[in-house]
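A quick write-up on the structure given underneath.
Rule-based calculations on the coordinates, nothing more; no lab input. Since we're looking at a predicted model, the values are computed, not measured. Here the Cβ is made from the backbone with ideal geometry for all residues, glycine too, and neighbour counts use every protein chain on show.
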Amino acid sequence: MSKRGGSFSRRAMLLAALGLAGIAASGTAQGADVAIVVRPDVPVDNLTFAELRRLFLGDRQFWTSNLRVTLLVRAPGAREREVVLKTIYQMSEAQFRQYWIAKVFRAEAASGPRIVYSSEMAAELVSGMPGAVAFVDADLVPKGLKVLKINGLLPGTKGYPLH
Amino acid sequence: MRRITLLCVVIAIGAPRSRAQAADPATKELIEKLLARIDGLEKRVAELEKGGATASANAPQAAASPAPAPAKAPSAALAMHQSHDQAPAPQTAGPESAPVYPSLKIAGFSDLDFSATNLHTSSAGFGAQTLIEPHSGFEEGQFTLHFSSALSPRVTMFAETTLTARSDAGTGTPPAPGFNPEVERVIIRYDLNDYFKLSFGRYHTPINYWNTAFHHGQWLQTTISRPEMTQFGGSFIPVHFIGSLAEGAAPAGGLNLNYAVGMGNGRGQVIGRGGDFGDINNNRAWLANAFIKPDGLYGLQLGGSVYRDELNPLTAPAAREWIESAHVVWQKETPEFIAEFANVGHQPVSGATASNSQAFYVQTAYRLPWLEKQWKPYYRFEYIHVPKSDAIFRSVVPTFHASTVGVRYDITTFAAFKFEYRSYVRRDLPSIHGFFGQTSFTF
């Protein structure tokens, strides 16, 4: 096999692996809770579901007077995004996009949420950005981040609302 | 081997397609990023196979791939991209993915309209954007650009500019048709916290719901045009406000109380315009607005406002103006419900008889669950009553009641077709009936 052919073959294998891994992940992660993660220096440990909704709607923009909230949202297609749209926003994908266009349009926010493409990327940005908040699969929460309780409940607890 | 490879490619490409629309730009971009990631990983593997020295020499390239990396690597920030529901991507990623200021973001809206009515004379007081014209035909809507930018963690700016087709906006004598440019809004805001934000600029006056919810992007609103009481170019409420606002929000025990208080120049001598060049008298206009969005009824908004000014119009005696308004809104689509009421009181400074004019509208819509939820029928009833004793309004605000029935079809997430039929019953004047169409979009 030529060098070019080998490279193509390796790329195809990797693509296939990524595709199959995606299928497997979507299958095994079905029903897993979604955790809300922040940096440990965010002075909040627990949010009510209503407070969480205000946070993700962009109505609450400050953790404290000196710490602004930065929302990180998974790209379309991620199961965590679907969970958050269904439970917190109660919006379709189109409604979610329209909501944020309107929010910026009304000058209520300078920009919409930042988009991340994986739990690793979300964790990396939350670690690096003061005030950032993201949602990740509860089974994939990296060390060094704080998981917020919702209504006093951590992911995996009976009654936890994000799943 | 080639067949196996082809099969692998089909599986790999097919997997994400089963979960998202093939035409979705975000999915395409994700695939591109995955390919870039594979490229990066392959390079990295090749470098490692050649030896550690080579790998360290190419460290920046490796860091640009989203391979497992230290928390402070810029890879994630670089991988962020920008779309309509996102923040501007940082141009350069700092050690902690620090935001870059200013972070200008531009968005646009536009629309193209069609109208055909039985009106054969002047529209007599209806705003230009109501599209009631003596001739049927197509009309270019407004071309709107929005600029938003964070200047620091606490300071943001926002501007809205429009180009509006007008019969007299061009050059020559008589003026040729052309486009009229306008700075509709320009706002700079200092955010102390959620409870207190101070801003200065030119606003859409926050004394009712529609005027602060939909602005100049026709695509965002369900219907083709605004209710006449809050129409651009109309005079019933002062659509624009030049001055300063203090605003904020507090949880208030789950009620989510929002407030805004402001002081500004008030109406100009042409009362449909704000006092852009300064106040026309020494009486500032002021306003107070409050609304709640209860946690227990997600989607509900209830609010009211008061507004005070002294008017010195070109065509009527000076008068003190009081406006009281209220609104109730269900901010969802199954159903959507918006209702507003406003009373405008004019007390002539000379002591002549005071007058009160009222307006309200009720609009409801429902996003149908079938056909990919692209259809949204709607109905609106609106009413304006100006007493003949109101010297300021009687020549510029029409008295009528009207029904609008229509349907909105969302072609894509960012573009829509709207078709509607309207019937206006006017005081002392013939009724107007018409068909209206619009395509509106954001870009």
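Return the average number of partner chain Cβ atoms within 10 angstrom of each residue Cβ along peptide A:58-71. It would help to have the intermediate numbers written out before the result.
Numbers: counts 0, 6, 4, 5, 7, 2, 2, 7, 3, 2, 6, 1, 4, 2.
What the average comes to for A:58-71 is 4.
Give me a comma-separated list of calculated 3J(HN,Hα) values for the range B:167-182, in order, Karplus coefficients 6.51, -1.76, 1.60 applied at θ = phi - 60°, integers in Hz, x for any Gly or Pro.
6, 10, 8, x, 9, x, 10, x, x, 7, x, x, 10, 9, x, 8
Quick query: amide H of residue B:271 versus all other amide H atoms, modeled in the peptide plane; which residues come in under 5 Å with a sequence gap of 5 or more or a different chain?
B:314
All other residues with a Cβ under 14 Å from the Cβ of residue B:142 taken together, and with Lys, Arg as +1 and Asp, Glu as -1, what is their net charge? Write down the numbers at each step before the final one.
Numbers: positive: B:166, B:185, B:226; negative: B:111, B:113, B:139, B:140, B:160, B:182, B:184.
With Lys, Arg at +1 and Asp, Glu at -1, the neighbours total -4.
Could you name the aspartates and glutamates whose alpha carbon sits less than 13 Å from that of residue A:103, not counting residues in the same chain fewer than 8 places away?
A:59, B:85
Counting Lys and Arg as +1 and Asp and Glu as -1, what is the net charge of the other residues whose Cβ lies under 14 Å from the Cβ of residue B:377?
Working: positive: B:367, B:373, B:376, B:380, B:408, B:418; negative: B:333, B:336, B:410, B:420.
In short, +2.
Residues with beta-carbon under 14 Å from that of residue B:186, excluding residue B:186: net charge, scoring Lys, Arg +1 and Asp, Glu -1? Provide the component values of the computation, followed by the final result.
Values: positive: B:185, B:189, B:202; negative: B:160, B:182, B:184, B:276.
Every neighbour counted, the sum reads -1.
Calculate one ³J(HN,Hα) per residue across the range A:36-45 by plugging θ = phi - 60° into the Karplus curve 6.51 cos²θ - 1.76 cosθ + 1.60, and present them in order as whole Hz with x for glycine and proline.
9, 10, 9, 6, x, 7, 6, x, 9, 10
Long-range amide H contacts for residue B:311: which residues qualify at under 5 Å (H placed 1.01 Å from N, peptide plane, sequence gap of 5 or more or a different chain)?
Distant-sequence amide H within range of residue B:311: B:319, B:320, B:321.
Under the Karplus relation 6.51 cos²θ - 1.76 cosθ + 1.60, θ = phi - 60°, what is the ordered set of whole-Hz ³J(HN,Hα) values for the range B:228-245, x standing for Gly and Pro?
Those phi angles translate into 4, 5, 10, 6, 5, x, x, 10, 5, 10, x, 5, 10, 9, 10, x, 9, 10 Hz.
What is the mean number of Cβ atoms from other protein chains located within 10 Å of the Cβ atom of each residue in peptide A:97-103, rounded to a whole number? Don't jump to the answer; show the numbers that get you there.
On the way: counts 7, 9, 2, 5, 11, 8, 1.
For peptide A:97-103, the averaged partner shielding equals 6.
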